[in-house]
Each structure stands twice: as C-alpha cells, then as structure tokens.
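Read-outs throughout are calculated quantities, based only on the coordinates presented, and are distinct from any laboratory measurement. Worth saying up front: this structure is predicted, and the values here are computed from it rather than measured. Please note: Cβ atoms are built from the backbone with ideal geometry, for glycine as well, and neighbour counts cover all protein chains shown.
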Amino acid sequence: VYFSFYDLGKTEYFASVCPDVDWEKDGIVVVHIEANFLAQIYGSDHIAVQTAVTEIGTKSFHLAQRVIDTETLEVKCVCTSIMVAFDLAKHESKPLEEEWIEAICKYEGKDLRKKK
C-alpha cells in the first residue's frame, strides 16, 4: 500500500506543478525505485506524502518522497525513484519538455538541472 501512496503523491505533484501536461500523449514512468520502511501505518493514522524533485536530466529526473504522520510528524517510509518522460504514441523515452523543467525548478525554488 505504501507504493499506492507514492503514486498518489506523484500524481498530485505533477497536477500542481505541471498542470498543462497532455497525459493522452505524454507519460512519466518509473524506471527505478527504492524504499525504506521505517514504521507501520495504522488505519487511524493521518498521513501525507511529501514529494520533491531533487535532480533533472535530459530525459529523466530524481524524485524523493516520504510518508509522514501529519499529527506526530513521524516518518513512516522514504522512497527515491528515477522517472523518465515517455512518448505514449511511440512507446519510447523522450526528452523532458523545457516547460516542465522550468515549472519544476520554479516550484522547488532552485535550478535542479544536472550539471554536465
């Protein structure tokens, strides 16, 4: 269920940061994911997923997420993943749109482009 929380966090992040994405032709897919489970989530817990982009490449970006209890601020799980822009018509990776990169950097408050 933790990965369902992370999926919801990713969806909310991109709906907020890049609202003009045409999800009928563009996709963002997970190519690598790692998670560390720190504490059990109980049905009575009030949780939230915190999501941030930490680095942006040409076709991919790194995402850091964590599930927290909103009342105690206890971190329940942390996750890092590498996401790739994907052309749904051609079924292949594609370069990230410059407008996505600019929107993410503006939202995160810093230039996250990978230094060459």
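In this simple spin-label approximation, E71 and H91 carry label points 7 Å from Cα along the Cα→Cβ vector, and these lie 4.9 nm apart.
Only Lys, Arg, Asp and Glu carry charge here, each on its Cβ (+1 for the first two, -1 for the last two); on that basis the chain has a dipole of about 500 debye about its Cα centre. By the rule of a C-alpha distance below 25 Å, with chain neighbours fewer than 8 residues away ignored, the lysines paired with K114 are K10, K59, K94, K106. Once both axes come from the Cα atoms, what is the angle between helix 98-108 and the longest principal axis of the chain, in degrees from 0 to 90, rounded to 10? Helix 98-108 and the main axis of the chain meet at about 30 degrees. Taking 13 Å as the straight-line reach from the Cα of K76, the aspartates and glutamates in range (excluding those fewer than 8 positions away in the same chain) are D45. Spin-label model, C105 to I47: label points 7 Å out along the Cα-to-beta-carbon direction sit 3.4 nm apart.
Kirkwood hydrodynamic radius computed over the range 71-116 comes to 13.6 Å, based on all pairs of distinct alpha carbons.
Take the Kirkwood radius over Cα pairs of the range 2-108, plug it into Stokes-Einstein at 25 °C and 0.890 mPa s, and you get 168 µm²/s for translational diffusion.
Sorting T11, T70 by the number of Cβ atoms found within 10 Å of their own Cβ, with the fewest placed first, yields T70, T11. E55 sits among other residues whose Cβ lies under 9 Å from its own Cβ, and their net charge, with Lys and Arg +1 and Asp and Glu -1, is +2. Please report how far the C-alpha centroid of the range 1-71 lies from that of the range 95-116, rounded to the nearest whole angstrom. Here the answer is 17 Å between Cα centres.
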